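Here is the structure we will look at, set down as structure tokens.
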Amino acid sequence: MKKLYILIFFLSSFFLFSQTKVKDTITRRATIGYDKNGNQVSFKPETPPLIQIAGAPKANYSYLWEMGDGNYSKDPNPKHKYKKPGEYKVNLTVTNNYDNGKPPKTRPKTVAIQEITDPAYTEIASLADSVGYKIFNNREPIPEEEMVVVVSYKNSLNYVANGKLYLFYNDREFKNDNFELLDYRTHFNERKVTEDGFACADELNNTNRFIAAASNEAYYKNTSFREDENLEMTLLECKSAFRDVHILEFDNMDPSETRNAFFTFKTTPEMIKDTSATVKMRGVYVPDRNYKNHKKKTLEMEIVTSHDPNKMSSNGLFMNYRLVRLKKLNFKIRFQNNGEGPARTIRLESDIPDMFDKKTLQIVDSYPKCPICPKGEEVTYSCLDTIIKQKQIHFTFKNIYLPGSNQKNVTEKDSTKGFVKYTLKLAKDFHKQTTRSRTSIFFDKNEPVITNYAVTRFKPGISIGAKTGYNLFPALENSRSYFAAVTVSPFKSYRWYWQAEWQNSLHKYDSKTITHDEIVTGTNGVQQLRRTITKSSFDNVTMEIPLLVRYNINNYVGIGGGVLAGINISQKQDLSTKLQLFEGPNPNFLLKESSREENFEESLSQFRSGMLLDLTGGFSRIGPSVGVRYILPFKKDFNYWQFYAIWKF
């Protein structure tokens with residue numbers, strides 16, 4: 001029976017442990033499926049069910065396929081022909097849009113090609129932009145998730161070239177690193193190099209020959225890079241803006257050839273979790289290492305909490321209040337048509353906080369690309385209309401065609417996306433406030449899609465102040481007290497702020513005269529009056545540290561309250577004592593008089609603390625002002641007033 005009990009206890013413990021262990025270990029996974037016919041492979045992903053975000057457009061997956069030979073595809077079910085026999089490691093990254101779960105994990109799969117049955121091989125497609133260089137990411141960064149960055153570059157020269165690629169990441173603008181490079185994949189024998197200093201060639205390639213690209217586009221060998229010839233300056237600027245760099249060298253790149261390099265980054269837990277922040281990576285492409293000609297690209301990414309293509313962002317997350325007045329702030333509104341048909345009219349109703357001057361609006365870029373609509377005219381062509389209202393700016397794409405992501409025969413998700421990028425300046429009288437704004441996106445006559453909040457805020461900044469004044473002690477005789485102080489506070493705070501001070505005072509005062517009478521008996525047995533008169537004068541050097549919480553009522557009046565602690569750094573006391581002896585019990589007839597002077601010195605004495613109330617008038621946020629302060633010590637009953645002038649810088 002005892003053994004039976006032990007067996008039951010063991011089995012119960014095992015089942016309980018098993019149940020606990022299984023909890024929270026389920027990971028969403030997607031798998032790579034494929035059908036092979038000779039050297040042609042048809043890929044098909046198997047994905048887990050989506051978890052729809054309530055109120056969002058229909059959840060869907062987007063894909064980035066790495067074919068293992070340097071090609072990639074964003075199609076859900078791509079088909080690919082391999083050029084040579086061999087084993088190819090295929091990677092798939094799946095992004096869950098409008099989905100409440102984490103992106104599915106995918107393991108690479110090796111595809112073996114034994115023979116080439118169809119020799120009709122298509123080279124990597126030429127780049128969309130004429131400079132032959134681009135950088136893009138498969139999804140926006142979320143803290144503690146992985147993302148893939150693709151660097152695509154083309155040899156626009158008319159000879160076989162050996163060049164170099166730089167990829168800079170982790171902006172110095174942020175205190176912590178935002179990205180950790182987990183892996184990189186190259187397919188054309190690119191090699192990683194490390195440089196202590198950024199070495200550059202000494203010459204420029206100034207030949208002006210044409211070449212014909214595979215897409216029949218014509219390229220100038222020189223003009224594509226004429227604007228970027230100071231490679232040393234470009235690399236120094238990048239090094240000053242970013243903490244980390246990954247450098248690749250490549251060789252034997254044929255004219256018109258396009259290559260792709262793939263980088264997997266993991267966003268760190270320390271990544272700033274403000275969903276309107278913009279982080280950057282920057283690439284520098286040197287097509288020929290023998291020359292300084294180069295091209296640079298900046299990849300801007302908005303930090304998100306979920307993969308939602310409809311988003312508003314700003315670069316005003318950490319603004320310097322002292323310098324921002326003359327700068328333009330960048331805003332970007334991104335959107336995606338998730339309908340089953342094309343959108344003809346798209347209206348973006350964007351909130352504009354009062355601190356911005358709406359008249360300074362400048363549209364930097366947009367997609368679909370179209371001109372600005374003429375004012376007061378009805379047009380039949382595609383254009384972008386802007387209407388400035390009291391609290392908003394409305395951007396309206398008119399007479400356009402933006403496909404829907406669920407539209408039949410639409411496989412390229414990027415073709416269903418658009419954006420507006422614009423700049424604004426701050427108004428003439430703006431305050432140091434955090435702002436929040438978002439956009440309502442209307443696709444034709446459908447209900448609006450509401451974006452996240454784009455936040456702008458200022459760096460704290462430090463304001464140093466010089467302060468001087470007079471202390472008035474009503475309870476002390478002949479008091480003369482002057483002080484000088486240094487103040488530290490946030491620069492030009494709007495309403496509430498803290499302030500710390502370091503104050504030294506020179507204080508002179510006299511104590512009250514003390515008279516002490518005593519009846520004594522003289523040598524002849526006659527009563528006498530003995531009087532002692534004492535008086536002191538003090539000369540002190542004191543140090544006080546007030547700490548306040550202040551509030552600016554407006555630009556000219558501020559109030560505050562707080563505590564202070566102080567101590568006498570040094571104190572000098574001059575004590576005067578006068579002795580008088582009178583005949584009889586009354587001071588009528590002076591028999592004898594004498595006096596003496598004594599000096600005492602001490603340091604670090606008489607620690608004191610108290611509360612204070614404060615009122616200032618003038619330029620309360622920055623510049624000169626005057627004030628009055630009332631101090632109430634906790635122990636000794638000698639409350640005093642402080643009158644001062646202060647200038648904050």
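No lab work stands behind these numbers, since they all come straight from the coordinates. If you're wondering where the values come from, they're calculated on a predicted model, not measured in any experiment. Cβ placement follows ideal geometry from the backbone for every residue including glycine, while neighbour counts extend to all protein chains displayed.
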| Based on the inverse mean of 1/r over its pairs of different Cα atoms, what is the Kirkwood hydrodynamic radius of the stretch 385-424, in Å? | 12.6
| task | Hey, could you get me the Stokes-Einstein D for the stretch 541-632, Kirkwood radius over alpha-carbon pairs, 4 °C and 1.567 mPa s, rounded to whole µm² s⁻¹? | result | 74
| query | If you add up the charges near TYR401, with Lys and Arg at +1 and Asp and Glu at -1, over every other residue whose beta carbon is less than 13 angstrom from its beta carbon, what do you get? | reply | +2
| said: Compute the angle between helix 231-241 and the longest alpha-carbon principal axis of the chain, please, reported from 0 to 90 degrees and rounded to the nearest 10. | reply: 50
| said: Stokes-Einstein diffusion coefficient for the stretch 311-456 at 4 °C in a medium of 1.567 mPa s, Rh from the Kirkwood formula over Cα pairs: what value in µm²/s? | reply: 80
| said: Please compute one quarter of the surface area of the Cα convex hull for the stretch 517-562 and express it in square nanometres. | reply: 7.6
| request: Enumerate by residue number the trypsin sites (Lys or Arg not before Pro) in the stretch 139-187 meeting two conditions: DSSP loop (anything except H, G, I, E, B), and at most 15 other Cβ atoms within 10 Å of the site's Cβ. | output: ARG172, LYS175
| On Cα atoms only, tilt of 2-22 relative to the major axis of the chain in degrees | 80
| For the stretch 65-106, what mean projected area does the convex hull of the alpha carbons give, in nm²? | 3.5
| request: Enumerate lysine pairs in the stretch 27-122 that are 8 or more residues apart or on different chains, then count those whose Cα atoms are under 18 Å apart. | output: 24
| query | Which whole-number percent is the relative contact order of the chain (Cα, under 8 Å, 6+ apart)? | reply | 9
| GluC sites (Glu not before Pro) lying in DSSP loop within the stretch 277-343, provided at most 16 other Cβ fall within 10 Å | GLU340
| Near the amide H of SER620, under 5 Å away, which other amide H atoms are found, from residues 5 or more places off or on another chain, if H is placed in the peptide plane? | TYR556, VAL557
| What is the sum of charges around LYS648, taking Lys and Arg as +1, Asp and Glu as -1, for the other residues whose C-beta is under 10 Å from the C-beta of LYS648? | +3
| If you project the alpha carbons of the stretch 38-163 onto their three principal axes, what span does each projection cover, largest first, in Å? | 54, 36, 24
| request: Taking H placed 1.01 Å from N in the peptide plane, check which residues at least 5 places from ASN293 or on another chain put their amide H under 5 Å from its amide H. | output: ASN205
| Each residue of the stretch 48-63 in order: what ³J(HN,Hα) in whole Hz does its phi give by Karplus 6.51 cos²θ - 1.76 cosθ + 1.60, θ = phi - 60°, with x for Gly and Pro? | x, x, 7, 10, 4, 7, 4, x, 8, x, 4, 5, 7, 9, 10, 9
| message | What does the net charge come to around VAL420 if you take all other residues with beta carbon closer than 9 Å to its beta carbon, with K and R at +1 and D and E at -1? | response | +2
| Tell me, what HN-Hα J-couplings in whole Hz come from the Karplus equation 6.51 cos²θ - 1.76 cosθ + 1.60 at θ = phi - 60° for each residue of the stretch 622-636, using x for Gly and Pro? | 7, x, x, 7, 10, x, 9, 9, 10, 10, 10, x, 6, 10, 6
| query | So which trypsin sites (Lys or Arg not before Pro) in the stretch 233-306 pass both tests, a DSSP loop state and at most 14 other Cβ atoms within 10 Å of the Cβ? | reply | LYS273
| said: Please compute the Kirkwood hydrodynamic radius over the chain, one decimal place, Å, based on all pairs of different Cα atoms. | reply: 32.0
| message | List the residues, sorted by chain then number, that are 5 or more residues from GLU257 or on another chain and whose placed amide H is less than 5 Å from its amide H. | response | ASN155
| remark: Calc'd 3J(HN,Hα), the stretch 584-589, phi into Karplus 6.51 cos²θ - 1.76 cosθ + 1.60 (θ = phi - 60°), Hz, glycine/Pro = x, comes to x, x, 10, x, 9, 10
